1. Work out the length of the dipole vector of the range 239-302 about its Cα centre, built from +1 on the beta-carbon of each Lys and Arg and -1 on the beta-carbon of each Asp and Glu, and round it to the nearest 20 debye.
2. Compute the accessible area per residue over the chain, keeping the other protein chains in place, probe 1.4 Å, unit Å².
3. At R0 = 51 Å, how high is the FRET efficiency between Ser95 and Asn256 if r is their beta carbon distance? Nearest 0.05 is fine.
4. Under a 5 Å amide H to amide H cut-off, with H placed in plane at 1.01 Å, what residues pair with Gly291 once short-range neighbours are removed?
5. Using only Cα positions of the range 232-336, each an equal point scatterer, no hydration layer, compute I(q)/I(0) via Debye at q = 0.24 Å⁻¹ and quote the log10 values to two decimals.
6. Given a Förster radius of 22 Å and the C-beta distance between Ala205 and Ile139 as r, what FRET efficiency does 1/(1 + (r/R0)^6) yield to the nearest 0.05?
7. Could you work out how much longer the chain between Asp153 and Thr267 gets when fully extended? Use 0.36 nm per residue separation minus the Cα distance between them, nm to one decimal.
8. Short version: ³J(HN,Hα) in whole Hz for each residue of the range 50-63, in order, from phi by Karplus 6.51 cos²θ - 1.76 cosθ + 1.60 (θ = phi - 60°), x for Gly and Pro, what are they?
Amino acid sequence: MKRTISLIVGVFGMLTISFAQTFVPLVENKPSSFRGLATYGKETVWVSGSKGTVGYSNDKGKSWKWVNPMGYENNDFRDIAIINKKEALIMGVGSPAIVLKTKDAGKTWTKVYEDNRPDIFLDDLTLDGKTGYILGDPIDGSFQLLKTTDKGDSWKDVSNEFILFADSGEAAFAASGSSMKQWKERLYIGTGGRYASFFDLNPKALRVDKYDCPIVAGKASAGIFAIDFINPNTGIAVGGDYLSDQDNSNSILLTNDAGKNWFRPDTPVLGYRSDVCYITEKIVLATGTSGTDISYDGGMNWKNISQDSFNTISKSPDNKTIYLTGSNGNIFKLIL
């Protein structure tokens, strides 16, 4: 089964260019909601989700091996990070919040972090080389932050070193594992709830800056759900209200100054979006439960290409293979 949508764009009224997008189903109706998604190399992709489900493919999704950790059947692994073909990290969100690591492609798993506090909830896991971070919802007025410097073998709570103050009713979202972006020595974080904010954390300089982000917010179901940056200054934030997922009145914003200021695109996405991904500097994808949109001009104008429900987007490092996952146990490949 293939779903193909053609987009015809006129340029200056003279030149016509045809763009076709093909959604290819790889896995459907798996009894899990997939929100963790990551790639390695040209052919390897891993997914994780509810009911303790974890799987990977080494052939661009043609075949899959399911490597669910034994004893964790009730855990919701909302995010995943791949270190190499055999090593990966998965993050379980609620109390007890856990992080598991495999060094043998899922044959065995080792618990490398656990937090049993009743109010702990982890939202996002990111890893760049040996250094990585995990973001958690606020406790006692500040977001929780963990750090690793050994590829996830151990984690240190650095919440008191880099204090991410939360306004009353402010939280983060674990919808796609994309509310946090690691960029070399910077860490960007988008939040929501009663207030939507953007954090710019510079660990080397021991500096945290927090800026207002005027995306829709004001209740627990709204705010920034995902961010992505193509360079340290140029980025996109998407979100909205997942309880009104067809409302596109203010669900996407762009920045050219590392989150200090935000502006709306000329043509917005079609509704609530839980993930956004730069494929190239010009080609950008955004997806959510009410559909998927594409931009060919860096995010200024968007075209809806599917109304199927997805949670997460990821691309291969060579930008040639794009994957999407959803809550209906579905994994798709998108061909541009």
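The values are calculated or read from the model by the stated rules, or taken from the named source; none is laboratory data. Everything quoted here is computed from the prediction, not taken from an experiment. Neighbour counts run over all protein chains shown; Cβ positions are idealised from the backbone, glycine included. Areas reflect the complete protein model, heavy atoms only, side chains present, ligands, DNA and RNA absent. Shrake-Rupley method; radii C 1.70, N 1.55, O 1.52, S 1.80 Å.
1. 120 debye
2. Ligands and nucleic acids excluded, the figure is 42 Å² per residue.
3. FRET efficiency, Ser95 to Asn256: 0.80.
4. Sorted by chain and number, the residues that satisfy this are Phe310.
5. Reported log10 I(q)/I(0), two decimals: -1.36.
6. Computed FRET efficiency for Ala205 and Ile139 comes out at 0.30.
7. 36.6 nm
8. Working through the residues one at a time gives 6, 6, x, 8, 9, x, 8, 9, 10, 9, 6, x, 5, 9 Hz.
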